[in-house]
Amino acid sequence: MKIDSIMYMSLILLPYIEIDIPFELDEFKNYPDYDETTFYTDLIIEMLKSLFFWYSQIIYDLIRTYWILSMLMFAVSFLLLYLLNKSKIKRFTIILIESIFLIFSIFFLIIPFNIGNEINLLKELGFKIIKSINEDKKETSKIPLELKELYPKYIGVEELKLIETNFEYKVYLSSNFRKGNDSLSQNLYEDDFEIHIRPDFMKPEYFYFNRNENRFVLTD
């Protein structure tokens, strides 16, 4: 399969996995260091990463708790062992199949569930931060310049530690707000803010808060 075919197949999936491309593909050809193969490779890698994070969130949404995950794995393992014993195949084959199931569970259930759980916790904290900022703005008529200003009234010590390592916060004040062509602020109101969730395991991708949809959206 030619790489062009892979590229266009990838683009078909982009709307479903929420990857943003910085600019049109043809624009790359205006740069002296344009490398078509490298761009395609990077795009596919970003697609796979986004699919993994998307899959992790689905696994977490379906299972929700470690207890359910443990019971699910135990039930499937027991059923598999029962069926294998009933089929009277060799013990070595049974051990091999059970081992494959365990490896499969680790990579397709346990790890994605852990990632999905961490993402969910950070999203919940993100909503709490947004709510706290809005409440603080109502009381003080201004937006906190740093998220640590929310401590200790709105957030605790452990939440502050998570914020310092996983969140990015940008403030746009009326005193220095720029209208017009500024790509970061043209869609924002005066005296407003942006908040991103940027855990190390996701970099360079992150979640940004979409006000219209009232949710955190994965981008690159």
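Bear in mind that the values in this text are calculations on the coordinates, not laboratory data. Predicted model only: the values in this text are computed from it and were never measured. Note: ideal-geometry Cβ built from the backbone for every residue, glycine included; neighbour counts use all protein chains shown.
Annotations for the structure displayed:
- Computed FRET value (nearest 0.05) for residue 96 with residue 212, which takes r as the C-beta separation and R₀ as 41 Å: 0.20
- Approximate spin-label separation residue 55-residue 88, in nm, with each point projected 7 Å along Cα-to-Cβ: 3.8
- Candidate lysines for bridging to residue 161, where Cα separation is under 28 Å - those fewer than 8 sequence places away on the same chain excluded: 49, 123, 128, 131, 137, 138, 142, 148, 153, 170, 203
- Low-density loop cleavage sites - GluC sites (Glu not before Pro) in region 120-170, where at most 14 other Cβ are within 10 Å (DSSP): 146
- Gain on full stretching of the segment that runs from residue 123 to residue 161 - 0.36 nm per residue minus C-alpha separation: 12.2 nm
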